[in-house]
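Peer 1: Got a structure for you, questions after.
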Amino acid sequence: MSAVLASAGAVAGMAFSYVTRMRPWQWVKILLALAVLAIFASFVLQMISAAHVGQLSSIEVPLTGLFVWVQIIHSFDVPARRDLLFSLAAAGALLTLGAAQAVSVGFLAYVAIWLGACLVALGCSWRSMTGGVGPLALGSLAATGLVIVLAGAGFLVFLPAPRAAQAITLPSSLISYLPLRDPSGVTGTGAQSTEPAQAGQASGRTGVGGYLGFASELDIATRGTLGNEVIMRVRADRPGYFLGMTYDTWDGQNWKRSPPTGRIVQLTAGSPFEVGSALSSFAQLQVQAGGRTVPSLSDEGLEFGPVNVQTFYVAQPIANLLFATPDPTEVYFPEHSLVVGADGSMRSTIAMTPGTVYTVISTDTELAPGVLAKIQDPRSSPLSASPEPDLELPPGRYERVAALARQIVSAARATTTYAKVTALEAWMGGHLRYSTDIPPLLPGQDAVNQFLFGSRVGYCEQISTALAVMLRTLGVPTREAIGYVPGPFDPLSDLYEIQAKDAHSWVQVWFPGVGWQSFDPTAQVPLAPPDPGAVLLSDLGHAIGNLPWAPIGGTLCAVAAGAFGALEVRRRRRRPTGWVGKITAELERRGAAAGLRRRPTETLGEYASRLGNSGLWRAGPTATASLPAATALVERAAYGFHEPDAATRAFVEEVVSGLHPARGSRRRGSSRRLTTA
């Protein structure tokens, strides 16, 4: 609505400027100047307010409003060409701001409209400067626009994708503010976007916020379908598993989270939130309690990857989870508090509604396979008397699973944790089938036993759960992770479009001295972001390859044949000018007087031959005996760039002038003597 009103205001202003262009109203200029001062004052106040709350990242919104108001106000005073050029420059700046915030290729429609208007305005301005009159040269404008589009496409193909710099304030914003009653848990957004959010129920048909599994429990027995609806868009330096939360307790059919006591903390320092410090404090508490040692990002010998800057644009109501690649260190979120779990999961204290934007800076702690393969397996007994939650299994259920896991790793001679994981993944790849069309579990039936020794058909939840349970029987700590994998990459906006069907679950495995590492038997996540130019060229190649070339080829052949025929007709009907034109016109007039008009597709030589064979001339064959030679000289002069001499002209004129229709054949015209002087 704001865009419509702004456009209407600019159109009204331009109409007012056109009406008053010859006699501008001076008092209007004074009012416009005061309005500009008021707008700038409002912008400065917004800047000061944003600086006080540390949210300078949202400067694009007030800056966009400033440019819009300047455009509207300036449109009421455009009496000269230079004022129009200023409007074009301001519109370009406004379009740049819009492009910085655009998250969809639909913005290209606005760019196309602006480019067309800009070309027409520049064309009018140039015509006015040069004193030209008449209509604009639309062909030249179209050619210029095509050159600009091709140049822009070339830059897009060959320039690398932009990367965010950690030294600047990163974007975060809200459209609505809905506080949650229980931010420590996973909470949905209510039936309507205007309602306060309510706690989700894992036993429900679709879970929380319409997303299967994003609840306090993950029910493997639940069957659901996920569509192509875009949930959020992500701009990331590197793609990865966008983690939402983890589960560490398995009861045979459901994954659950351990009690949150001592495992969560609420940060209240405001954006940006120092999540890395909170996770370090969790690690220290775990060491003091006698638990496993969690490595620090500064530990020597661990070659962790660089930081990964990710900006999320929420498109649909989702659970109050902040997704990010492991391990988050800093979060820009437009709220004064943030809940952080010991597993690296993050939860908002307000509802995550469409339009919410947040940025997470993560340190890539996923190590290369070669590093993980060198880590020796600790000496620990499987299924100890008092196991930790990430080793615990229901008693008496998984003897067959344990035997199968031992058989697989023994056959592969796997002695390290990494070797055991890869051996089990390889066995799953050869003995299990991925499908979302699976039968429901019967009451009391164990999901893992049914999957491994029954159907052996399942999707990410069944496969990852089976891998986690098999590793636990071998004494390897595991936990179930859920979130999203990167969706389709849009090379124009440099965004990953995460769809509902990209919801995913995978396994995190504990490595001594390293920490949790992600393994996924069912999905492959790219290690680096794609090059936009390569994606564009690939998409173009696939689009061209999928075209129906048979009908397209037939149509192109028909069009080419029609164009060739039209050019041939035009060539045959082309009439030279000057002496050749006069001779040709006179020959056609005398032939028409004898009742033989020249056909549209007939050359001059063919026409002369028909005239000579007609027998319609008073002097008989003698009159047309020299006609072929005369017409050959005319055609040579017309198409051979040969200027005939006086004798040649006289000869041709005498032959043509000697054509007199016989009595009874004359229909119109006269037999006047030809003169070309």
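Peer 1: Report yes if some residue within the range 332-345 is open to solvent by 10 Å² or more (accessible area, probe 1.4 Å) and modelled with pLDDT of 90 or more; otherwise report no.
Peer 2: yes
Peer 1: Residue under question is LEU404, and the condition is that it be assigned to a loop (DSSP other than H, G, I, E, B) and among the aliphatic types (A, V, I, L, M); does it hold?
Peer 2: no
Peer 1: Given the condition at pLDDT 85 or above, over 60 Å from the mean Cα position of the chain (by Cα) and open to solvent by less than 80 Å² (accessible area, probe 1.4 Å), answer yes or no: does some residue in the range 566-584 qualify?
Peer 2: yes
Peer 1: Being modelled with pLDDT of 90 or more, of a type outside the set (Asp, Glu), touching a Gly at 6+ places or on another chain (Cβ under 9 Å) and surrounded by 14 or more Cβ atoms within 10 Å (Cβ to Cβ) is true for just one of ALA481, ALA468. Which residue is that?
Peer 2: The conditions single out ALA481.
Peer 1: Could you list, in sequence order, the residues of the range 5-21 that are farther than 17 Å from PHE86 by Cβ, open to solvent by 60 Å² or more (accessible area, probe 1.4 Å) and of a type in the set (Ser, Thr, Tyr)?
Peer 2: SER7
Peer 1: Hey, can you tell me all the residues within the range 307-335 that are of a type outside the set (Gly, Ala, Ser) and part of a loop (DSSP other than H, G, I, E, B)?
Peer 2: Answer for the range 307-335, where residues must be of a type outside the set (Gly, Ala, Ser) and part of a loop (DSSP other than H, G, I, E, B): GLN316, PRO317, ASN320, PHE323, THR325, PRO326, ASP327, PHE333, PRO334, GLU335.
Peer 1: Among the residues of the range 599-634, which ones are among the aliphatic types (A, V, I, L, M) and surrounded by fewer than 16 Cβ atoms within 10 Å (Cβ to Cβ)?
Peer 2: Within the range 599-634, ALA619, ALA625, ALA629, ALA632 qualify.
Peer 1: Looking at (1) within 30 Å of the chain's Cα centre (by Cα); (2) at pLDDT below 85, find the lone condition where SER518 falls short.
Peer 2: Exception for SER518: condition (2).
Peer 1: With the requirement that a residue be outside any helix (DSSP H, G or I), over 23 Å from PHE511 (Cβ atoms) and at pLDDT 85 or above, what does the range 415-454 give you?
Peer 2: ASP446
The rows are residues; the columns are (1) touching a strand residue (DSSP E or B) at 6+ places or on another chain (Cβ under 9 Å); (2) hydrophobic (A, V, I, L, M, F, W, C).
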residue: HIS431; (1), (2): no, no
residue: ASP437; (1), (2): yes, no
residue: VAL457; (1), (2): yes, yes
residue: ALA466; (1), (2): yes, yes
residue: VAL485; (1), (2): yes, yes
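Peer 1: Of all residues in the range 443-465 being more than 16 Å from TRP427 (Cβ to Cβ) and under 32 Å from the mean Cα position of the chain (by Cα), which is surrounded by the fewest Cβ atoms within 10 Å (Cβ to Cβ)?
Peer 2: TYR459
Peer 1: Would you check which residues across the range 297-317 are at pLDDT below 85 and buried (at least 23 other Cβ atoms within 10 Å of the Cβ) and list them?
Peer 2: None; the set is empty.
Peer 1: Further question: Do we find that ARG597 is modelled with pLDDT of 85 or more, in a loop (DSSP other than H, G, I, E, B) and more than 17 Å from SER657 (Cβ to Cβ) in this structure?
Peer 2: Criteria met by ARG597.
Peer 1: With the requirement that a residue be touching a Gly at 6+ places or on another chain (Cβ under 8 Å) and small (Gly, Ala, Ser), what does the range 233-249 give you?
Peer 2: Answer for the range 233-249, where residues must be touching a Gly at 6+ places or on another chain (Cβ under 8 Å) and small (Gly, Ala, Ser): just GLY244.
Rundown of residues vs (1) among the basic types (Lys, Arg); (2) out of contact with any Ser or Thr (no Cβ under 7 Å at 6 or more places or on another chain), yes/no style:
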position: LEU442; (1), (2): no, yes
position: ALA447; (1), (2): no, no
position: GLN450; (1), (2): no, yes
position: ARG456; (1), (2): yes, yes
position: TYR459; (1), (2): no, no
position: GLN462; (1), (2): no, yes
position: THR465; (1), (2): no, yes
position: THR473; (1), (2): no, yes
position: PRO477; (1), (2): no, yes
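Peer 1: Please determine, by comparing only the residues of the range 490-501 that are at pLDDT 85 or above and open to solvent by 20 Å² or more (accessible area, probe 1.4 Å), which one is nearest to GLY240 (Cα to Cα).
Peer 2: GLU497
Peer 1: So, one more: Which ones in the range 74-94 are closer than 15 Å to PRO24 by Cβ and touching a Leu at 6+ places or on another chain (Cβ under 8 Å)?
Peer 2: HIS74, PHE76, ASP77, VAL78
The values are calculated or read from the model by the stated rules, or taken from the named source; none is laboratory data. Just so it is clear, the structure is predicted and the values come from calculations on it, not from any experiment. With ideal geometry, Cβ positions are generated from the backbone for all residues, glycine too; neighbour counts draw on all protein chains shown. These accessible areas exclude ligands, DNA and RNA; they are computed on the full protein's heavy atoms, side chains included. Shrake-Rupley method; radii C 1.70, N 1.55, O 1.52, S 1.80 Å.
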